[in-house]
Amino acid sequence: MKKYILPFLLLSILCSCKPKEAMTNASSMASKKELTKADKILQKAFNAHGGKKYDKAHYEFVFRKKKYTFQNDGPNYKYTVSYERDGKTNFNQLDNNGLIRKVDGKQVEISEKEYASHYGALNSVIYFATLPHKLYDPAVMTSYQGATTIKGKKYEVIEITFKKEGGGQDHDDEYYYWINKATNQIDYLAYNYLVNNGGVRFRTAYNQRTVDGILFQDYVNYKADVGTPLADLPGLFEKDGLKKLSVIETESVVNLK
């Protein structure tokens, strides 16, 4: 079955969601005097998916035959990816100091475009694998979109948009998260993007499993017509009105601590 590869046009906005900022803002939300309804729902989802365990998490997993790791230590972080290509061992590391790339154990110089591509690719995989951990970024704006029912289960709906400042090249993109009222877990998510003539995607979670306190899940990825409101996607999904594109599988998850 085809595996999903994140398009580069989506990666640019994910690069703006800096891991250091995301981690510090998780605690800052908890310290707010007045939380909005969206904040409270998102905080419950954060706790249901792992909560404070993310602060010291160190895990390894496989995605598209590449081995990834993420290690958090409060505001400090280190993400890596390693894979074989054309008989050579490739290794990228992203941390508070930026990105370095090695081929066969030797650090190599890369262009600004290559830097952005490798940075975005690595950061985005960790971003989705650890949702909703990084939805506390300063550029993120949340709003409550009401309640709904999907396949007989009740959900709270949260919209995520981005500030122009710090929101990345694609700050006009929009995300929806459907959070299960019974479990506080994200069972569905959707987003639209405007560049390259735009696109609309809808993901359904499956294979939800907790590994030493942190929830990991895989997704089926669907496509809708450009311009389809995100709020309409669950109804189209229930009527088989979406085109299945791919699956997104996070495999062989191991706690390295």
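For the range 207-257, the tally of residues that are among the acidic types (Asp, Glu) and under 19 Å from Phe46 (Cα atoms) stands at 2. Whenever a residue of the range 68-85 is among the aliphatic types (A, V, I, L, M), its partners that are not in a strand (DSSP E or B), lying with C-beta atoms within less than 8 angstrom and at least six residues away or across chains, give the pairs Val81/Ala121; Val81/Leu122; Val81/Val125. Being part of a strand (DSSP E or B), touching a residue at least 12 places away in the same chain (Cβ under 8 Å), in contact with a helix residue (DSSP H, G or I) (Cβ under 6 Å, 6 or more places away or on another chain) and within 26 Å of Asn255 (Cα to Cα) is a description that does not apply to Leu189.
Modelled with pLDDT under 95 and among the basic types (Lys, Arg), is that true of Lys78? Answer is no for this residue.
Within the bounds of the range 114-136, is there any residue that is at positive phi and in contact with a strand residue (DSSP E or B) (Cβ under 7 Å, 6 or more places away or on another chain)? No, the range 114-136 contains no residue that is at positive phi and in contact with a strand residue (DSSP E or B) (Cβ under 7 Å, 6 or more places away or on another chain). Scanning the range 193-229 for residues that are on the phi < 0 side of the Ramachandran plot, modelled with pLDDT of 95 or more and part of a strand (DSSP E or B) yields a count of 22.
Which of the residues spanning the range 230-257 are charged (D, E, K, R) and part of a strand (DSSP E or B)?
Correct list: Lys243, Lys244, Glu251.
Per the listing Gln107, Gln71, the residue uniquely surrounded by 14 or more Cβ atoms within 10 Å (Cβ to Cβ) and not aliphatic (A, V, I, L, M) is Gln71. Residues of the range 116-160 that are without any contact (Cβ under 8 Å) to a residue 40 or more places away in the chain and aliphatic (A, V, I, L, M): Met141, Ala147, Ile160. Only a single item in (1) touching a strand residue (DSSP E or B) at 6+ places or on another chain (Cβ under 6 Å); (2) modelled with pLDDT of 95 or more is not met by Ile150, and it is number (1).
Among the residues making up the range 192-206, a single one is of a type in the set (Phe, Trp, Tyr), over 14 Å from the mean Cα position of the chain (by Cα) and either surrounded by 21 or more Cβ atoms within 10 Å (Cβ to Cβ) or within 11 Å of Glu174 (Cα to Cα) (or both): Tyr193.
The values are calculated or read from the model by the stated rules, or taken from the named source; none is laboratory data. Note that the structure is predicted; figures quoted are calculated from it, not measured. A quick note on method: Cβ atoms are made from the backbone with ideal geometry, for glycine too, and the neighbour counts reach across all protein chains shown.
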